[in-house]
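Presented below is the structure to which this report refers.
Please treat every number below as a calculation from the coordinates, not as lab data. The shown structure was predicted, so the numbers you read here are calculated from the model rather than taken from an experiment. Cβ: placed from backbone, ideal geometry, glycine included. Neighbour counts: every protein chain shown.
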Amino acid sequence: MAAVMIVEGEAFFQNIRMSGKAALEKAGLFHIVLEAKEGLALINDTQTSTVLVLVGLFHSYRALCGGLLSGALTIDTVIGSTAPFHPDIHILRSHYG
């Protein structure tokens, strides 16, 4: 990622592998000109941390989708009614949740 920001290396843009310069141009972005110590800041392992956070986020999203799907299928399997989920019923209750 840092290499592409300074017009080096290669990148994937819309699933096509291309040079960093071409990827920046197609994305409508400009390259950066680094000052003293900025290059070090780009490669100080923040990319690894970002990747790990994103992997966790995507796994969490998949787990959430699976939970929603299994809940919906459970209600459908027992021929459940959606009437208890109507918003008006929850508005009339004196408590939240």
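First obtain the Kirkwood hydrodynamic radius of the chain from its Cα pairs, then insert it into the Stokes-Einstein equation at 20 °C and 1.002 mPa s, and state the resulting D in µm² per second as a whole number.
So the translational diffusion coefficient is about 117 µm²/s.
Between Ala36 and Val78, what is 0.36 nm times their sequence separation minus the Cα-Cα distance? Round to one decimal in nm.
8.6 nm
Can you give the calculated 222 nm mean residue ellipticity of the chain, where each DSSP H run of n ≥ 4 adds -39,500 (n - 2.57) and the sum is split over every residue, rounded to the nearest 500 deg cm²/dmol?
-17000 deg cm²/dmol
By per-residue mean of other Cβ atoms within 10 Å, what is the highest-first order of 78-84, 44-50, 8-14?
8-14, 44-50, 78-84
Given a Förster radius of 22 Å and the C-beta distance between Arg62 and Gln14 as r, what FRET efficiency does 1/(1 + (r/R0)^6) yield to the nearest 0.05?
0.40
Looking at the square roots a ≥ b ≥ c of the eigenvalues of the Cα gyration tensor of region 26-76, which shape do they give, rounded for a/c under 1.5, prolate if a/b is larger than b/c, or oblate?
In terms of gyration-tensor shape, oblate.
Tell me, what is the FRET efficiency for Leu54 and Arg93 to the nearest 0.05, using R0 = 41 angstrom and their Cβ-Cβ distance as r?
For Leu54 and Arg93, the calculated efficiency is 0.55.
Distances over 11 Å make up what percent of all Cα-Cα pairs in region 1-44?
63
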